Amino acid sequence: SSKLALSQVHPMWQEPLAVPGGDRQSPVDIVVRESIFDPQLRPLKVQYDPRTCQQIWNNGYSFLVEYDDTTDKSTLKGGPLEDQFRLCQFHFHWGENNTWGSEHSIDRRLYPAELHLVHWNSDKYSLFEESVIEENGLAVIAVFLKVGKRHEGLQKLVDALPAVRHKDSVVEFTKFDPACLLPENINDYWTYAGSLTTPPLTEAVTWIVMKQHIEVSHDQLAVFRSLLFTSAEEQLQRSMVNNFRVQQALKGRTVRSSFT
Ligand SMILES: NS(=O)(=O)c1ccc2o/c(=N\O)[nH]c2c1
Ligand SMILES: [Zn+2]
């Protein structure tokens, strides 16, 4: 069933039993009727410069499209955020089939994949590495992927993936505007205080989960699944699939919505 947790589907990495004092872990299931409309949530202000796009890296867990974050050229502010945040990378999580793959769920509904656009607080810190340990350090936009029509903007990225098939491979990748991966309506979202979903699992993330999904084709997702967790030298190759974390308890947190 689509409810299988990662540990049942694929013992990717041994989950630490509990992050020290972990009371704001991610991902979570968003129960729509328990989310609270907050009229004070402002529109999101996204300004990405495609010229800051640098490379794609297979880090052995996902593939990261990395941006030059040494200046304030690609930024996120507004919404639930008090400060300005700088885009540093985006990546995805996906399943071995179209039944599951996302990290967050909406009323228990899982999607075949989930996009994360990762930003760090450049008003308060000077490096991503610094902000990772601060509770207001990061802001991640999550967008659900649904299987349907081909996503024209994504195809340039899909065409580059065979070059980073193995863990630790890198390929130059430039002039890609990540705004093309956002849904038309970015002002309907849920937001909550959470964590990174991979080690170090630090509780530094303001999550902004888009209500509207984007569509990609079955073939485009199949290329994600053609990537490998393993490096070229390893004799046993393992497909990069089910690279999502199991859902975590909300532990009393409130999920706010920007819409009624
Ligand atoms: N999957 S996630 O929570 O968006 C995320 C984003 C940035 C990250 O950096 C990490 N280690 O340096 N893990 C991680 C997870
Ligand atoms: Zn992620």
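The values are calculated or read from the model by the stated rules, or taken from the named source; none is laboratory data. Everything numeric in this text was worked out from a predicted model, so none of it was measured. For neighbour counting, all protein chains shown are included, and Cβ atoms are generated from backbone atoms with ideal geometry for every residue, glycine included.
Residue count for the stretch 136-155 satisfying the condition of being within 16 Å of ligand 1 (Cβ to nearest atom) and assigned to a strand (DSSP E or B): 8. Restricted to the stretch 165-181, and to residues that are surrounded by fewer than 20 Cβ atoms within 10 Å (Cβ to Cβ) and either at pLDDT below 95 or charged (D, E, K, R) (or both), which residue is farthest from ligand 1 (Cβ to nearest atom)? The selected residue is LYS175. If you filter the stretch 161-202 down to residues that are among the charged types (D, E, K, R) and not in a strand (DSSP E or B), you find that the one that is nearest to ligand 2 (Cβ to nearest atom) is LYS167.
This table checks each residue for (1) away from ligand 1 (no atom under 16 Å from the Cβ); (2) farther than 26 Å from VAL132 by Cα.
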{"residue": "PRO199", "(1), (2)": "no, no"}
{"residue": "VAL205", "(1), (2)": "no, no"}
{"residue": "GLU234", "(1), (2)": "yes, yes"}
{"residue": "MET240", "(1), (2)": "no, no"}
{"residue": "GLY252", "(1), (2)": "yes, no"}
{"residue": "PHE259", "(1), (2)": "yes, yes"}
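Do we have PHE224 as within 16 Å of ligand 2 (Cβ to nearest atom), more than 27 Å from GLN84 (Cβ to Cβ) and of a type in the set (A, V, I, L, M, F, W, C) here? Taking the combined requirement at face value, the residue satisfies it. Summed over the stretch 92-104, the residues that are surrounded by fewer than 21 Cβ atoms within 10 Å (Cβ to Cβ) and within 15 Å of ligand 2 (Cβ to nearest atom) give a count of 0. With the requirement that a residue be within 18 Å of GLU152 (Cα to Cα) and surrounded by 21 or more Cβ atoms within 10 Å (Cβ to Cβ), what does the stretch 182-213 give you? Within the stretch 182-213, none qualify. Taking first residues from the stretch 79-90 that are under 28 Å from PRO39 (Cβ atoms) and in contact (Cβ under 8 Å) with a residue 60 or more places away in the chain and partners that are surrounded by 22 or more Cβ atoms within 10 Å (Cβ to Cβ) and among the small types (Gly, Ala, Ser), the Cβ contacts under 8 Å between residues at least 6 apart in sequence or on separate chains come to GLY79/SER258; LEU81/ALA139; LEU87/SER74.
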